[in-house]
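S.K.: For reference, the structure I am asking about is given below.
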Amino acid sequence: QVQLVESGGGLVQAGGSLRLSCAASGRTFSSYAMGWFRQAPGKERELVAAISRTGGSTYYPDSAKGRFTISRDNAKNTVYLQMNSLKPEDTAAYYCAADYGLGPSKRGDAYNYWGQGTQVTVSS
């Protein structure tokens, strides 16, 4: 079992930045690949970034590429999502998730544990 707690969300103007954090507790954090997802009202959940167990490999969809950066600190049991050049369409609840596999995993159903989410709102 692993518990995930996100933080760092909030209200930001378009063009601004936010850094989300996800603190993990429970089983050894380095045993999990990690991902960040988001879900806006009325829309499907989508992956925005994923990282392998060691942090040596990452994946971004086109919507996040060049603006978002995922990283992890296995010593601190934490994964981060740095979001720059934010747009109103980035407004959503953001969730971190843990995957038993090596990662980075692109599919939501590959992830075994989920946090409660943190809200990001980008104003125009």
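S.K.: Can you work out ³J(HN,Hα) from phi for every residue in the stretch 68-82, in order, using Karplus 6.51 cos²θ - 1.76 cosθ + 1.60 and θ = phi - 60°, giving whole Hz and x for Gly and Pro?
M.R.: Once rounded to whole Hz, the list reads 10, 9, 9, 8, 9, 10, 5, 6, 9, 6, 9, 10, 10, 9, 8.
S.K.: Another question, if that's okay. Give the shape of the chain as rounded, prolate or oblate, defined through the alpha-carbon gyration tensor: a ≥ b ≥ c are the square roots of its eigenvalues, a/c under 1.5 means rounded, and otherwise the shape is prolate if a/b is larger than b/c and oblate if not. It would help to have the intermediate numbers written out before the result.
M.R.: Working: a/c = 1.68, a/b = 1.65, b/c = 1.02.
Note, shape of the chain comes out prolate.
S.K.: How much accessible area per residue does the chain have, counting only protein heavy atoms and a probe of 1.4 Å, in square angstrom?
M.R.: In whole numbers, the chain has 50 Å² accessible per residue.
S.K.: Leaving out ligands, DNA and RNA, and with a 1.4 Å probe, what % of the accessible surface on the stretch 57-124 is carbon or sulfur? The partial results should precede the final answer.
M.R.: Details: 1540 of 3360 Å².
For the stretch 57-124, the apolar C and S fraction of the accessible surface comes to 46 percent.
S.K.: Could you please report the charge total around residue 85, scoring K, R as +1 and D, E as -1 over all other residues with beta-carbon less than 15 angstrom from its beta-carbon? Before the final figure, lay out the partial values.
M.R.: Numbers: positive: 19, 65, 67, 87; negative: 62, 89, 90.
Surrounding charge for residue 85 is +1.
S.K.: Now for a different question. Using a simple spin-label model with points 7 Å from Cα along the Cα→Cβ vector, what separation in nm is obtained for residue 124 and residue 82?
M.R.: So the two model labels end up 2.9 nm from each other.
The values are calculated or read from the model by the stated rules, or taken from the named source; none is laboratory data. No experiment lies behind these values; they were computed from the predicted model shown. Using ideal geometry, Cβ is built from the backbone for each residue, glycine included, and neighbour counts are taken over all protein chains shown. Accessible surface areas use protein heavy atoms only, side chains included; no ligands, DNA or RNA. Shrake-Rupley method; radii C 1.70, N 1.55, O 1.52, S 1.80 Å.
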